């Protein structure tokens, strides 16, 4: 059975996506890293879904849904760097803003929905979204007031959704495409 996760994309990352004209395009790759600016996707496996979230003026948006296809460095990634000054993944230079040159970045190839910034998570759904850890403990967001997110600390990182919340986000993305 596949799992579903969320990852928060920062204002800087989303601004770079807009500036590069990536709205409406499907990212072929995302990057896992060793630093909080590029959370580790170590628990994601082929077939898992990852929902990239963005918070704008306290409203949480689904930017894209990515289905992991593989986590291997492929020919599409380009020549591995031979020195510190070389790009880590020159074959994915068009998607550098997703972390291609981040600290310890590793490619995660995905089949994704188009990048968008107009799909808000409804406040009633936001209040019920639930994540679970490896021990099976669940949690909801603590900082939701009147359907708005007051503090994004609860979604900063890479977190596994419960099956019910994964189904809710899948339905939201499905009705918007």
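The values are calculated or read from the model by the stated rules, or taken from the named source; none is laboratory data. Everything numeric here is computed off the predicted structure, so don't read it as measured data. Don't worry about glycine lacking a Cβ; one is built from the backbone with ideal geometry, like all the others, and counts go over all protein chains shown.
With respect to residue 108, is the statement that it is in contact (Cβ under 8 Å) with a residue 24 or more places away in the chain, under 30 Å from residue 85 (Cβ atoms) and in contact with a helix residue (DSSP H, G or I) (Cβ under 7 Å, 6 or more places away or on another chain) true?
When the stated conditions are applied, residue 108 does not pass them.
Where residues in the stretch 34-59 are assigned to a strand (DSSP E or B), in contact with a strand residue (DSSP E or B) (Cβ under 8 Å, 6 or more places away or on another chain) and modelled with pLDDT of 85 or more, which of them is farthest from residue 149 (Cα to Cα)?
So, considering only residues that are assigned to a strand (DSSP E or B), in contact with a strand residue (DSSP E or B) (Cβ under 8 Å, 6 or more places away or on another chain) and modelled with pLDDT of 85 or more, the one farthest from residue 149 (Cα to Cα) is 49.
If you check residue 62 against the conditions, is it closer than 16 Å to residue 6 by Cβ, touching a residue at least 24 places away in the same chain (Cβ under 8 Å), in contact with a helix residue (DSSP H, G or I) (Cβ under 9 Å, 6 or more places away or on another chain) and part of a strand (DSSP E or B)? Let's see the steps before the verdict.
On the way: closer than 16 Å to residue 6 by Cβ: yes; touching a residue at least 24 places away in the same chain (Cβ under 8 Å): yes; in contact with a helix residue (DSSP H, G or I) (Cβ under 9 Å, 6 or more places away or on another chain): yes; part of a strand (DSSP E or B): yes.
Judged against the criteria, residue 62 is a match.
Which one of the conditions (1) more than 24 Å from residue 78 (Cβ to Cβ); (2) in contact (Cβ under 8 Å) with a residue 12 or more places away in the chain does residue 40 fail to meet, given that it meets all the rest?
(1)
What pairs can you find where one residue is in the stretch 119-146 and on the phi < 0 side of the Ramachandran plot and assigned to a helix (DSSP H, G or I), the other is exposed (fewer than 14 other Cβ atoms within 10 Å of the Cβ) and at pLDDT below 95, and their Cβ atoms are less than 7 Å apart, with a gap of 6+ or different chains?
Close Cβ pairs (under 7 Å, with a partner that is exposed (fewer than 14 other Cβ atoms within 10 Å of the Cβ) and at pLDDT below 95) amount to 123/146.
May I ask you to list the residues in the stretch 1-25 that are surrounded by fewer than 17 Cβ atoms within 10 Å (Cβ to Cβ) and either within 13 Å of the chain's Cα centre (by Cα) or part of a helix (DSSP H, G or I) (or both)?
Of everything in the stretch 1-25, those that are surrounded by fewer than 17 Cβ atoms within 10 Å (Cβ to Cβ) and either within 13 Å of the chain's Cα centre (by Cα) or part of a helix (DSSP H, G or I) (or both) turn out to be 10, 11, 12, 15, 16, 18, 19.
Which residue, of 47, 21, 33, is at positive phi, out of contact with any helix residue (DSSP H, G or I) (no Cβ under 7 Å at 6 or more places or on another chain) and touching a residue at least 12 places away in the same chain (Cβ under 8 Å)?
47
Out of all the residues in the stretch 74-94, is one or more surrounded by fewer than 13 Cβ atoms within 10 Å (Cβ to Cβ), touching a residue at least 24 places away in the same chain (Cβ under 8 Å), more than 17 Å from the chain's Cα centre (by Cα) and outside any loop (DSSP other than H, G, I, E, B)?
Yes, that holds for at least one residue.
Restricting attention to the stretch 99-115, which residues are within 25 Å of residue 168 (Cα to Cα) and crowded, with 17+ Cβ neighbours inside 10 Å?
Initial filter on the stretch 99-115 (within 25 Å of residue 168 (Cα to Cα)): 108-115.
Scanning the stretch 99-115 gives 108, 109, 110, 112, 113, 115.
Among the residues that make up the stretch 97-112, is at least one of them at pLDDT below 95, part of a helix (DSSP H, G or I) and in contact with a strand residue (DSSP E or B) (Cβ under 6 Å, 6 or more places away or on another chain)?
yes
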